[in-house]
Each structure stands twice: as structure tokens, then as C-alpha cells.
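The next block holds one structure in the form of C-alpha cells; read it before the comments.
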Amino acid sequence: MSTIAALLAFLDAAPFSMAGAPVAWSEILGAITGIACVWLLTRQNVWTWPLGLANNVFWALLFFRAKLYADSLLQLVFFALGCYGWWRWLHPLASGEAVRVRRTSRREWLVFGAALSASTTLVAWLLASRTDSPAPIADASVLTLSLVATWGQAQKLYESWWVWILVDVISVPLYLSRALYPTALIYLVFGLLCVRGLWAWRRDLARPTELT
């Protein structure tokens, strides 16, 4: 067995069950890295990005096995955006200033709204017509909203936390429906961390952000 095959077999293995459903190592490690990633994000700590990349790998496998194909694909896109976000936080703006927390502009909201409407409709249709996804609309919504939220956090847009909260509201019942109980619980915790993020980032709206 190759190293990659052995690693995939390990991540698919379930050391215990919850409510009669097996809990794989990919779900356990995804939960640990996910919570650490969001907690660091609330503190504007740049290490949120590499931990997020690890989280993407674990959940890409988990969601694919659960037939949540949009969520699985989302993790791959997250990985690319995570690399961008890591770079963005480490490099100053053209003005020489560090990236700092700011409000989302009206123009950005218009672009986000148009992109969300078109992309959610397209992805939901593809999932419904081309795959056996059990929840194409919810799956597509989590994908598109999460992309907007990730882009927003890379730019340190304050309102990206509200988008993440909406993602959590959709994700909890979606993952419960697929018997991903630990992941559903983690997204509930994410929602609480998002509230903390709103409070923490609000304090920095009027001042430059220092990376830690």
C-alpha cells in the first residue's frame, strides 16, 4: 500500500461512533483544526491560514465521502483562497499600510450579491441534475456563501463575520441530515466564535491591525 493510500485509509477509519454513526479521523482532525483556525481568526493571528489549509484537506475527504460534493469542492477552492489570504495578511497594501479591518463598501456588496445569486443558482442546478447530492440548494449555498466570507476575511472586511454566521445557520441542519454529528456541533461552535469575532474586529475598525 502506498503512503497516500495508507493515509487515506487512516483518515477514513472511525475510532468511535456517535448516535450510531461512525466518526472518522478526517472528521475529528477537521473539527480540531477548524476550531483552532476560527479562534485564531478572531484574534487576527496570521497562523489561522496554515491551520485552515490543513482543515481544508481533512474536510474535502470527509464531505466527499458524505456525498456533499459542493462542500468537498469548496475545500479545494478554500485551499487556494487560503494561500491568497495568507499572502495578503503578510504583505502591506500599495500604500505601505498593513491590511486592517474595514467596512464592506456598497460596490462590494453589489458585486457579492450578484455573484451569490448567479453562482448559487448554477451550482444548485448542477448538483441536482448531475449528482446524487441529497441537498443541492443547501450544499450550493454553503459553497458560495463560504467563498464570499473567505474572500472577505482575506481583505479583513468586518461584515464577513455575518456571512459566516449565515453559513453556520445553514450548515448545522445540513450536516445533521448527513449524520455528521461532530461536524454539526463544530459549526454550532463556529457560530459562537463568529459572534466573538464580530465583537473583536469591531474594536479595530478605526485603527490599523497588527499581525501577531
If each part is reduced to its alpha-carbon centroid, the stretch 1-32 and the stretch 65-128 end up apart, in Å, by 28
Shape call for the stretch 121-212, from the Cα gyration tensor axes a ≥ b ≥ c (a/c under 1.5 means rounded, otherwise prolate when a/b beats b/c, else oblate), comes out oblate
With +1 at each Lys and Arg Cβ and -1 at each Asp and Glu Cβ, the charge dipole magnitude of the chain around its Cα centre, to the nearest 20 debye, comes out at 620
Using alpha-carbon coordinates alone, the radius of gyration and Dmax of the stretch 39-92 in Å work out to 12.2, 40
Packing-ranked peptide list from 195-205, 152-162, highest mean Cβ count within 10 angstrom first, is 152-162, 195-205
The correct ranking of Cys194, Cys83 by accessible area at 1.4 Å, largest first, is Cys83, Cys194
Here the gain from full extension of Trp125 to Leu90, 0.36 nm per residue of separation minus their alpha-carbon distance, amounts to 8.8 nm
Candidates for Rg/Rh (Cα atoms, Kirkwood Rh) are (1) 1.51; (2) 1.17; (3) 0.98, and the calculated one carries label (3)
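The values are calculated or read from the model by the stated rules, or taken from the named source; none is laboratory data. The model shown is predicted, which means the values in this text are computed figures rather than measured ones. We place every Cβ from the backbone using ideal geometry, glycine too, and count neighbours over all the protein chains shown. We work out accessible area using only protein heavy atoms, side chains counted, and drop any ligands, DNA or RNA first. Shrake-Rupley method; radii C 1.70, N 1.55, O 1.52, S 1.80 Å.
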